[in-house]
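Engineer: Take this structure, written in structure tokens, and hold onto it; I'll ask about it next.
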Amino acid sequence: MEFRHVSILRQECADFLVVNPEGTYVDCTLGGAGHSQAIADKLNAQGTLVGMDRDGDAVRTAEERLVGQFPCRIEVIRDNFKNLDGVLDGLNIVQVDGIFFDLGVSSYQLDNAERGFSYKQDGPLDMRMDRNGEFSAYQVVNSYSEDDLAEIIWNYGEERWARRIAQFIVRGRKERPITTTFELVEIIKKAIPKGARKEGPHPGKRTFQAIRIEVNNELKILDNTMRTAVARLKPGGRIGVITFHSLEDRIVKKVFQELQKGCICPPRLPCVCGRKPSLRDVGNMTPSSEEIMVNSRARSARFRFGIKV
């Protein structure tokens, strides 16, 4: 299956990030390389683009679409962005001019049934962004306790029926292991009262999001990664992050706000922490109505950005 992914706010992101055509830029979430192509297109032969992704399919696609196609130096690395420090150290790069993140799951991962991310297609219970990892959605669904399932479905999916869904999952797996996405969807539908299923999104949406986040440890690594990224920026360097749901957006927003104000001492007390602001011009934007009409998945996207002090 071809790696197809429509990059949201593609040109807007590149235009904000790249102010130095000879600079060094990092795309921490290559996906289909759409954002990377837009960034590389603004760099000259002295510029460098480092692209990272934990998904092997994304890395192979990015190599085909980037290497040898642009005048700048291209480095494509298969790794989790939580290891950003190590990747840059391995390339002998101390500081960079811009860092970009496009969080969440890609269209390719959602549309490829065998990856097991979609509640709309039948496939194995997988959901691993890194297919070299051994931990998958199968383990979460078939081995987590009822309490643990309810907790992640509530915390990561903000699903009001989390406890009932967890109860039904545990009850269902006692008969036989739950192995496919459609088997899980049917259990979720039985757990959510019929009247509640008539309103809102697909009944499996929130639970699938929660399990995916748990499998890939998406939220727990965000806070530290954002701080690492800002620390690796040169003065005047730029960071941009696209988020797709309130949980990850809340984390990014909170970190940016903290880095913008610097001091973390209690209000009305003299500053003893000595911290200075490290971000300025923090802001955000959302896709235009025209882009949303063309790509419905852009509806929930938000681009947060800032400049290193």
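The values are calculated or read from the model by the stated rules, or taken from the named source; none is laboratory data. Please read these numbers as outputs of a predicted model, since none were measured by experiment. Reconstructed Cβ throughout: ideal geometry from the backbone, glycine too, with neighbour counts over all protein chains shown. Accessible surface areas use protein heavy atoms only, side chains included; no ligands, DNA or RNA. Shrake-Rupley method; radii C 1.70, N 1.55, O 1.52, S 1.80 Å.
Engineer: Considering only protein heavy atoms and a 1.4 Å probe, what is the carbon-and-sulfur percentage of the accessible area of the range 208-262?
Structural biologist: So the carbon and sulfur contribution to the accessible surface is 49 percent.
Engineer: Quick one: among 35, 202, 245, which has the greatest mean-square fluctuation in a GNM of the chain with alpha-carbon springs under 10 angstrom?
Structural biologist: Most flexible of the set in this elastic network: 202.
Engineer: How large a share of the accessible area of the range 35-129, in percent, is made up of carbon and sulfur atoms when the probe is 1.4 Å and the other protein chains stay in place? It would help to have the intermediate numbers written out before the result.
Structural biologist: On the way: 1460 of 3670 Å².
Of the solvent-accessible surface of the range 35-129, carbon and sulfur hold 40 percent.
Engineer: What do you get for the angle between helix 146-157 and the principal long axis of the chain? Use alpha-carbon atoms, 0 to 90 degrees, nearest ten.
Structural biologist: 40 degrees
Engineer: I'd like the antiparallel share, as a percent to the nearest 5, of DSSP beta bridges with both residues in the range 14-100.
Structural biologist: The antiparallel fraction comes to roughly 0 percent.
Engineer: Report, in deg cm²/dmol and to the nearest 500, the calculated mean residue ellipticity at 222 nm for the chain, where each DSSP H run with n ≥ 4 adds -39500 (n - 2.57) and the sum is divided by the residue count.
Structural biologist: When only DSSP H runs of four or more count, the value is -12000 deg cm²/dmol.
Engineer: A further question follows. With +1 on each Lys and Arg Cβ and -1 on each Asp and Glu Cβ, and nothing else charged, work out how big the dipole of the chain is about its Cα centre, in Debye to the nearest 20.
Structural biologist: Around 1160 debye, computed over the chain.
Engineer: So what does the Cα-only Debye profile of the range 106-237 read at q = 0.14, 0.18 Å⁻¹, as log10 I(q)/I(0), no solvent term?
Structural biologist: Log10 I(q)/I(0), no solvent term: -0.63, -0.95.
Engineer: For the range 34-50, in order, what is each residue's ³J(HN,Hα) by Karplus, 6.51 cos²θ - 1.76 cosθ + 1.60 with θ = phi - 60°, in whole Hz (x at glycine and Pro)?
Structural biologist: Working through the residues one at a time gives x, 5, 4, 4, 5, 5, 4, 5, 9, 9, 9, 5, 8, x, 9, 10, 9 Hz.
Engineer: Another question, if that's okay. Please report the relative contact order for the range 193-288, taking Cα pairs under 8 Å with a sequence separation of at least 6, and give it as a percent rounded to a whole number.
Structural biologist: 19 percent
Engineer: What is the spin-label model distance, in nm, from residue 220 to residue 94 if the labels are put 7 Å beyond Cα along the C-beta direction?
Structural biologist: 3.5 nm
Engineer: Can you compute the modelled spin-label distance between residue 155 and residue 289, with each label point 7 Å from Cα toward Cβ, in nm?
Structural biologist: The answer from the label model is 4.0 nm.
Engineer: Give me the net charge for the shell around residue 45: Cβ to Cβ below 11 angstrom, other residues only, Lys and Arg +1, Asp and Glu -1.
Structural biologist: Charge balance near residue 45 sits at 0.
Engineer: A follow-up question, please. I'd like the distance between the alpha-carbon centres of the range 167-209 and the range 15-86, rounded to an integer number of Å.
Structural biologist: 39 Å
Engineer: So which residue, out of 203, 287, 270, gets the largest mean-square fluctuation from a GNM of the chain using Cα contacts under 10 Å as springs?
Structural biologist: Judging by the Gaussian network model, the answer is 270.
Engineer: Between the range 102-157 and the range 270-309, what is the C-alpha centre distance in whole Å?
Structural biologist: 27 Å
Engineer: Moving on. How big is the dipole moment of the range 62-183 about its Cα centre under a simple scheme where the beta carbon of each Lys and Arg is +1, that of each Asp and Glu is -1, and everything else is neutral? Debye, nearest 20, please.
Structural biologist: Computed charge dipole of the range 62-183: roughly 480 debye.
Engineer: Moving on to the next point. Rank by packing, highest mean first: peptides 110-116, 207-213, 295-301, with packing defined as the count of other Cβ atoms within 10 Å averaged across residues.
Structural biologist: Ranking the peptides 110-116, 207-213, 295-301 by packing returns 207-213, 110-116, 295-301.
Engineer: Per-residue counts of other Cβ atoms within 10 Å, averaged by peptide: what ranking do you get for 151-158, 69-76, highest first?
Structural biologist: 151-158, 69-76
Engineer: Determine the sum of side-chain charges near residue 167: Lys and Arg each +1, Asp and Glu each -1, restricted to other residues whose C-beta is under 12 angstrom from that of residue 167. Please list the in-between numbers first.
Structural biologist: On the way: positive: 163, 164, 171, 173, 174, 190; negative: 146, 147.
For residues surrounding residue 167, the net value is +4.
Engineer: With Cα Rg over 2.2 N^0.38 Å in mind, check (1) 1.06; (2) 0.97; (3) 1.28 and report the label derived from this structure.
Structural biologist: (1)
Engineer: Quick one: of the DSSP bridges fully inside the chain, what percent are antiparallel, nearest 5? Numbers along the way, then the final one.
Structural biologist: Details: 12 of 31 bridges.
Expressed as a percentage, antiparallel bridges in the chain total about 40.
Engineer: Let me ask you something else. What's the magnitude of the charge dipole for the range 147-195 around its Cα centre, counting Lys and Arg as +1 and Asp and Glu as -1 at the beta-carbon? Answer in Debye, nearest 20.
Structural biologist: 320 debye
Engineer: From the cross-link list 42/234; 254/308; 42/261; 190/220; 82/253; 190/253, which pairs have alpha carbons spaced over 25 Å apart?
Structural biologist: 42/261; 190/220; 190/253
Engineer: Now for a separate question. Within the P(r) computed for the range 1-137, what percentage of the Cα pairs occupies the region above 17 Å?
Structural biologist: Roughly 58 percent, once rounded to a whole number.
Engineer: On to the next question. At a temperature of 20 °C and a viscosity of 1.002 mPa s, determine how fast the range 223-309 diffuses translationally according to Stokes-Einstein, using the Kirkwood radius over alpha-carbon pairs as Rh; express D in µm²/s, rounded to the nearest whole number. Kindly include the intermediate steps, with their values, before the conclusion.
Structural biologist: Details: Rh = 14.2 Å.
Translational D for this selection: 150 µm²/s.
Engineer: Okay, next question. Taking the mean number of other Cβ atoms within 10 Å as a proxy for protection, how do you rank 260-267, 24-31 from highest to lowest?
Structural biologist: Those peptides, ordered most packed to least, come out 24-31, 260-267.
Engineer: Among the aspartates and glutamates, select those whose C-alpha is under 19 Å from the C-alpha of residue 174, and discard any that sit fewer than 8 residues away in the same chain.
Structural biologist: Qualifying aspartates and glutamates at Cα under 19 Å: 146, 147, 148, 183, 186.
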